[in-house]
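Some notes on the structure that comes next.
The values are calculated or read from the model by the stated rules, or taken from the named source; none is laboratory data. Here the structure is a predicted model, which is why all the values come from computation and not from measurement. Don't worry about glycine lacking a Cβ; one is built from the backbone with ideal geometry, like all the others, and counts go over all protein chains shown. Heavy atoms of the whole protein, side chains included, go into the accessibility calculation; ligands, DNA and RNA do not. Shrake-Rupley method; radii C 1.70, N 1.55, O 1.52, S 1.80 Å.
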Amino acid sequence: MGESALETLREDYAEKYGFHDPESYVFKSRRGLDEQVVNEISWMKGEPDWMREFRLRALDLFERKPMPTWGGDLSGIDFDNIYYYVKASERQEQDWDDVPSYIKDTFDKLGIPEAERKFLAGVGAQYESEMVYHNIKKELEDQGVIFLDTDSGLREHPELFREHFATLIPPADNKFAALNSAAWSGGSFIYVPPGVRVEMPLQAYFRINAKNMGQFERTLIIADEGSYIHYVEGCTAPIYTSDSLHCAVVEVIAKRGSRVRYTTIQNWSNNVYNLVTKRAAAYEGATVEWVDANLGSKLTMKYPAVYMMEPGAHGEILSIVFAGRGQHQDAGAKVVHSAPNTSSKITSKSISMHGGRATYRGLLKVSRGARGSRSSVVCDALLLDERSRSDTYPYIEIDEDEVTIGHEASVSKIGDEQLFYLMSRGLDEEQARSMVVGGFIEPLVRELPMEYAVEMNRLVQLQMAGSIG
Amino acid sequence: MRVFDSRLWLCYNAAARWAMERQRKRYGDVHAMLQVRNLHVSVDGQPILKGVNLVVRQGEIHALMGPNGSGKSTLAKALMGHPGYEVTAGEVTFKGQNLLEMAPDERSRRGLFLAFQYPVAIPGVSLANFLRTAINVRRKAADPDDKGLPIPEFRRFLKAKMDLLQMDHRFAGRYLNDGFSGGEKKRAEALQLAVLEPDIAVLDETDSGLDIDALRVVSEGVNALAGPDLGMLVITHYQRILNYIKPHFVHIMLDGEIVESGGPELALKLEERGYTWLEGKQNGRGSG
């Protein structure tokens with residue numbers, strides 16, 4: 001880590017915790033994760049003992065759990081060569097000269113202005129966001145809504161935090177959940193009081209201080225009875241990071257009659273392993289929707305889940321992946337019907353091009369007694385060339401007779417006739433391909449907040465332009 | 001309903017043709033937008049067109065008739081540059097330029113249009129969005145610094161064209177050809193023709209798959225677009241569309257050649273006598 005990164009980090013901690021001790025940063029530059037590093041993280045954050053112990057238990061589980069042998073190829077991850085904290089500060093200190101040329105080329109092709117390029121490449125900060133955040137925070141506080149980074153959530157609302165934290169995704173769930181539990185930092189902590197509707201989407205990038213979008217972010221959302229919230233994380237811009245592992249955990253608790261929508265758009269640089277566990281519990285009459293768009297990364301493994309715990313709960317997952325050159329997107333969805341008259345809908349769309357690989361992996365489970373439950377699963381794959389690949393693994397476990405289940409899957413290619421048709425109207429071949437792809441993902445883009453929809457369309461162009469060059 | 005007097009039409013038509021001939025003699029063939037000479041086209045190595053000759057000028061409406069499999073649609077696709085249609089001999093010029101050297105998108109941007117017999121669906125792309133893109137790529141090709149047609153202006157333009165074709169404005173919000181009925185597809189093609197304002201339009205079996213009402217509606221749309229700036233080649237299997245769209249010239253294609261050309265009376269003759277009287281006319285020279 002560079003001297004200036006240390007400086008920033010120091011100031012950050014000094015400001016947040018009144019803590020200032022240059023000597024203690026000797027530990028911070030060490031790579032790898034062990035008991036000492038975990039203790040250090042916890043101490044730096046001034047956490048209560050229970051959290052430190054939780055982290056240590058999780059570390060033990062992480063070390064004992066074998067690497068998953070399904071999904072994508074994880075053999076390239078070198079756990080000992082990773083910095084397990086201070087990521088955000090480091091990211092801001094990156095140098096434009098270090099940004100890979102393929103990303104710069106892509107910016108050139110799209111004609112993105114210089115200032116914007118730096119932000120897109122992660123070498124510049126977004127200005128004025130602090131002010132925006134400040135105003136929104138005030139408005140939310142008046143409604144009783146808590147919207148904090150997760151570290152602050154633990155500090156300021158210890159009881160509420162502890163009551164829900166890791167209840168849906170315990171460290172023992174999987175190796176990467178254990179890793180996150182041991183090393184977590186940053187993410188969002190949100191509580192919406194009963195009956196409160198947060199009308200504007202809450203966006204993670206409002207909080208773009210050093211806490212945002214860390215490597216091991218941990219998000220916890222609690223929607224109390226009858227409330228509504230839409231949370232948006234990520235950014236359509238390609239996130240350039242020298243860190244090779246993004247391992248997040250997201251838990252969403254939707255109490256009776258509430259509705260939570262969680263939208264993710266991520267576009268990691270092509271060296272990143274993006275391994276995320278997302279799970280929601282929907283109680284009586286509650287609705288949880290995951291809208292999940294994954295672009296970039298070397299390998300993404302992500303299967304947002306909704307557990308429908310009580311009658312009338314509804315889960316919906318809209319997933320889209322874009323697998324380009326050298327990329328494997330192993331994504332999908334899980335829905336578990338544990339109560340009568342619950343319903344779910346999974347829509348998965350994948351695009352593979354230039355030898356990229358997209359996998360849909362889904363689980364649909366209906367427990368005994370979940371009578372009258374309904375589910376529909378639709379998986380559409382679009383292959384843009386012969387070298388690319390698409391696979392579908394839809395697992396279905398039904399232990400109840402009285403259910404309605406629909407499953408459809410399709411694989412399509414951009415037909416020569418489609419290209420000819422569009423070209424006969426004056427579009428060149430690249431424009432024609434972009435248009436077909438844009439149409440394919442339209443059902444998802446339509447669900448995004450407007451500014452994201454605009455960016456998403458541009459992002460598709462970016463992906464396609466980037467892959468052609 | 002307006003009753004059409006075919007004799008009157010013939011007189012008018014003869015006069016129009018005479019005027020054009022005279023003009024051609026005086027000024028040279030300046031209006032020959034599309035000139036096809038001895039065109040041979042193969043599909044999968046199979047010769048389909050065997051020496052087609054045809055000239056279409058602005059302001060003219062040509063009907064190309066012929067039985068199934070005679071090569072009419074092959075001509076349409078080859079003119080637009082479909083990669084599956086291989087030109088093995090002959091030449092085609094468009095506004096004096098070699099059309100065959102151009103990619104389909106360039107042909108389009110230069111003013112050639114094909115209304116498809118079977119337009120494909122592009123799910124998720126609204127007709128309006130598609131048309132705006134098509135307009136903007138043209139503008140950009142003409143002027144690299146063009147920023148595109150402003151959306152409000154485009155909306156006004158599109159609405160005017162839809163009104164001309166008596167279309168419901170909501171139609172523009174639907175995904176291109178996705179779940180369209182046969183009639184809707186053909187109307188969408190007519191709208192594209194109206195919006196893109198080509199110099200020469202080829203209408204490939206625009207009447208196929210339409211019931212009589214839909215045929216009338218689409219034909220009225222096409223007629224509304226006809227005018228001195230647009231040359232049209234209307235490809236049809238049946239004579240019935242010619243009850244609505246009045247051609248100046250009629251050509252008959254048999255087995256990859258135009259075997260007979262004439263005025264509208266030829267279509268009537270064909271209706272009375274079928275194609276059989278033309279057999280044995282192959283290897284004759286069609287003239288346009």
| For chain B, built as a Gaussian network whose Cα springs stay under 10 Å, the top-fluctuating residue of B:L230, B:L268, B:L49 | B:L268
| said: Need the C-alpha centroid separation for the stretch B:181-208 versus the stretch A:380-420, integer Å. | reply: 33
| said: Could you give each residue of the stretch B:254-265 its phi-based ³J(HN,Hα) in whole Hz, using Karplus coefficients 6.51, -1.76, 1.60 with θ = phi - 60°, and x for Gly or Pro? | reply: 9, 6, x, 9, 8, 9, 7, 10, x, x, x, 4
| field | Tensor-based shape of the stretch A:252-332 (alpha-carbon gyration tensor, a/c under 1.5 rounded, otherwise prolate or oblate) | value | prolate
| field | Rounded to the nearest 20 debye, dipole of the stretch A:416-469 from Cβ charges on Lys, Arg, Asp, Glu | value | 80
| Residue mean of other protein chain beta carbons inside 10 Å, A:427-440 | 5
| With DNA, RNA and ligands ignored, accessible area of B:Y275 (1.4 Å probe; Å², nearest 10) | 50
| Length gain on complete extension for the stretch A:E402 to A:R368, per 0.36 nm per residue less the alpha carbon to alpha carbon distance? | 11.3 nm
| chain B: Cα Rg divided by the 2.2 N^0.38 Å rule of thumb | 1.00
| remark: Ranked by GNM mean-square fluctuation in chain B (Cα springs under 10 Å), the top entry among B:T206, B:T236, B:T133 is B:T133
| note | Phi angles of the stretch A:154-167, converted by Karplus (6.51 cos²θ - 1.76 cosθ + 1.60, θ = phi - 60°) into ³J(HN,Hα) in whole Hz with x for Gly and Pro, give 4, 6, 8, 10, x, 6, 4, 4, 5, 4, 10, 4, 6, 7
| query | ³J(HN,Hα) across the stretch B:85-100 via Karplus (A = 6.51, B = -1.76, C = 1.60, θ = phi - 60°), whole Hz, x for Gly/Pro? | reply | 10, 9, 7, 9, 6, x, 9, 9, 10, 10, 6, x, 9, 6, 5, 5
| Once Rh for the stretch A:416-469 is found with the Kirkwood sum over Cα pairs, what is the Stokes-Einstein diffusion coefficient at 20 °C and 1.002 mPa s, in µm²/s? | 182
| Where in the stretch A:173-201 does the label zone of A:M67 land, with the point 7 angstrom along Cα→C-beta and an amide N cut-off under 12 Å? | none
| query | Taking +1 at the Cβ of each Lys and Arg and -1 at the Cβ of each Asp and Glu, which of B:S108, B:L164, B:N129 sits farthest along the dipole of chain B towards its positive end, judged by Cα position relative to the Cα centre? | reply | B:L164
| query | For a paramagnetic label modelled at 7 Å from the Cα of B:E197 toward its Cβ, which residues of the stretch B:117-143 fall within the zone defined by backbone nitrogen distances under 15 Å? | reply | B:132, B:134-140, B:142-143
| message | Looking at chain B as a GNM with Cα springs under 10 Å, which of B:F94, B:F180, B:F116 has the largest mean-square fluctuation? | response | B:F180
| Taking the Cβ-Cβ separation of A:S75 and A:E35 as r and a Förster radius of 22 Å, what is the calculated FRET efficiency to the nearest 0.05? | 0.30
| note | Output ordering of A:400-412, A:262-274, A:309-321 (per-residue mean of other Cβ within 10 Å, highest first) is A:309-321, A:262-274, A:400-412
| query | At what distance in angstrom do the alpha carbon centres of the stretch B:209-234 and the stretch A:28-66 lie from each other? | reply | 75
| said: Using a Förster radius of 60 Å, what is the FRET efficiency between A:A409 and B:W277 based on their Cβ-Cβ separation? Nearest 0.05, please. | reply: 0.65
| message | If I model a spin label as a point 7 Å beyond the Cα along the Cα-Cβ vector, how far apart are those points for A:V378 and B:N68 in nm? | response | 3.4
| task | For an R0 of 56 angstrom, estimate the FRET efficiency from the Cβ-Cβ distance between B:E265 and A:M450 and round to the nearest 0.05. | result | 0.40
| request: Within a 10 angstrom radius of each residue's Cβ in B:175-187, how many Cβ atoms of other chains show up on average? Whole number is fine. | output: 1
| request: Work out the mean other chain Cβ neighbour count within 10 Å for the residues of B:226-239 and drop it here as an integer. | output: 0
| Computed [θ] at 222 nm, deg cm²/dmol, chain B (DSSP H ≥ 4; -39,500 (n - 2.57); rounded to nearest 500) | -11500 deg cm²/dmol
| query | Alpha carbon centre of the stretch A:139-154 versus the stretch A:291-341: separation in Å? | reply | 27
| Going by alpha carbons, how many degrees (0 to 90, nearest 10) lie between the helix axis of B:127-142 and the longest principal axis of chain B? | 80
